[in-house]
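**Q** Once you've had a glance at the structure underneath, I'll fire off some questions.
The values are calculated or read from the model by the stated rules, or taken from the named source; none is laboratory data. Quick caveat: nothing in here was measured; it's all calculated off a predicted structure. Neighbour counts run over all protein chains shown; Cβ positions are idealised from the backbone, glycine included. Heads up: the accessible areas ignore ligands, DNA and RNA and are worked out on the full protein's heavy atoms, side chains in. Shrake-Rupley method; radii C 1.70, N 1.55, O 1.52, S 1.80 Å.
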Amino acid sequence: MSRSAPRELIPVTLLTGFLGSGKTTLLNHLVRQPEMADAMVIINEFGETPLDHMLVAHSTENVVMEMSSGCLCCTIRGDLATTLDDIAWRFSRNGLRQFRRVIIETTGLADPAPILHTLMTHPRVANRYRLDGVVATLDLAAGAHTLMHHVEAVKQVAMADCLLLTKADLVTDEQRTALKQKLDSINPAAQRWDIHHGELAASNVLDLGLFSTTGKAPDVARWLKEEAYASQASHSHHDHDHDHDHSDVNRHDDHIRAFCFVVDDPIPEGVLEDWLEVLMSFVGSNILRVKGILNIAGREQPLVVHGVQHIFYPPVTLPRWPDEDRRSRLVFITQDVDRKLIEDTFHAFHHVLPQVHKLET
Ligand SMILES: Nc1nc2c(ncn2[C@@H]2O[C@H](COP(=O)(O)OP(=O)(O)OP(=O)(O)O)[C@@H](O)[C@H]2O)c(=O)[nH]1
């Protein structure tokens, strides 16, 4: 069920964010920094004029670029796979690859999920690359309106490991606080940075995954950040019961739930597999992101899992538990799936399945 830690895979950062939210402005700053000297940047421009490409291309000499001519999230997933496959040998000298990480900038309207699926499942991609993190820009001034009217923007924010709140110079403290409260219910655990005109240290958006390029031990607490979901749970329920304007069907962000599901006792492996399989087959497309550390019955070491919608990375066995806490913890960000459904289906499997197995043997 598991494989060794994928340290040797090339880390990929997905830079997403709604139209005009500041992705290119940010990228122009990032590519000048030494941490990005060995990065390959893939820019996806949708339309005739590759403007973003020109902007970044004029700003630096140490970044190599590939252009794609369709929208990454729908028509050209195959092209992304081909590009990622090609660059590994096209940008090699004397058998040595000339880059050690990849940054993919999506179009403003991209749904990150299909792009992540390509990274996770395409045979020629998944065995060479791994997702390092999803970075999403959100315009502080226009963000509230964008989240209310564009489901793509909500998904970008919900799936992010790191949120960059741009155009901080254009908002009042009240506007900033209101948007941050909204983000608390959509994605409470993502790291957040306010940025002005794209200025940010590259180190803030690199090495966001569980496995770093520097060989450091996995920092599960930083990766999972379960406490952010715990404090959020009661808050979002309160919102749901009393504060929503139910007449406004365009409020996409109200459909997003973020919570942590905890199981005290070790989980039988069969229960876990069957539960996840059934859960994913019924509501997989509504599970935007799930990450977890699991205590599997009969195993000393913890298993970490990471999924986007119905697709999971192969689980990885960690050498040891990060601390004394041996409970299984799964954090979910879902769309129109509430915590109760997750809990009820788990408990149904947990109570029924062992008896079925007993009857079968
Ligand atoms: N005032 C202000 N303007 C900004 C800031 N960051 C970006 N902008 C401006 O916002 C506009 C859009 O920025 P881009 O970086 O092109 O945004 P983008 O996300 O790449 O846009 P698309 O490629 O169209 O999706 C540009 O005119 C930027 O100069 C900021 O912090 N403050």
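**Q** Is it true that some residue in the range 304-325 is of a type in the set (D, E, K, R) and on the phi > 0 side of the Ramachandran plot?
**A** No - not one qualifying residue is present in the range 304-325.
**Q** Any idea which of ARG101, ARG93 is away from the ligand (no atom under 16 Å from the Cβ), more than 15 Å from ILE311 (Cα to Cα) and either open to solvent by 80 Å² or more (accessible area, probe 1.4 Å) or not basic (Lys, Arg) (or both)?
**A** ARG93
**Q** Of the residues that sit in the range 158-174 and are touching a Phe, Trp or Tyr at 6+ places or on another chain (Cβ under 9 Å) and of a type outside the set (Asp, Glu), which one is surrounded by the fewest Cβ atoms within 10 Å (Cβ to Cβ)?
**A** Initially, the range 158-174 is screened for residues touching a Phe, Trp or Tyr at 6+ places or on another chain (Cβ under 9 Å), giving 161-165.
Subsequent filtering for residues that are of a type outside the set (Asp, Glu) retains 162-165.
Numbers: CYS162: 20, LEU163: 24, LEU164: 28, LEU165: 23.
Step by step, filter the range 158-174, then rank; the result is CYS162.
**Q** Across the range 137-154, what is the number of residues that are within 15 Å of the ligand (Cβ to nearest atom), within 30 Å of PHE211 (Cα to Cα) and part of a helix (DSSP H, G or I)?
**A** The number of residues fulfilling the criteria is 2.
**Q** Which of the residues that make up the range 299-312 are over 17 Å from PRO268 (Cα atoms) and either part of a strand (DSSP E or B) or open to solvent by 30 Å² or more (accessible area, probe 1.4 Å) (or both)?
**A** So the first thing to find is which residues in the range 299-312 are over 17 Å from PRO268 (Cα atoms), and the list is 306-312.
Across the range 299-312, the qualifying residues are HIS306, GLY307, VAL308, HIS310, ILE311, PHE312.
**Q** Only one of these is buried (at least 16 other Cβ atoms within 10 Å of the Cβ), of a type in the set (Val, Ile, Thr) and more than 21 Å from the chain's Cα centre (by Cα): ILE256, ILE333, ILE296, ILE287. Name it.
**A** Of ILE256, ILE333, ILE296, ILE287, the one residue that is buried (at least 16 other Cβ atoms within 10 Å of the Cβ), of a type in the set (Val, Ile, Thr) and more than 21 Å from the chain's Cα centre (by Cα) is ILE296.
**Q** Got a sec? Which of THR177, THR121 is free of Cβ contacts under 8 Å to residues at least 24 places away in the same chain, away from the ligand (no atom under 15 Å from the Cβ) and open to solvent by 10 Å² or more (accessible area, probe 1.4 Å)?
**A** It is THR177.
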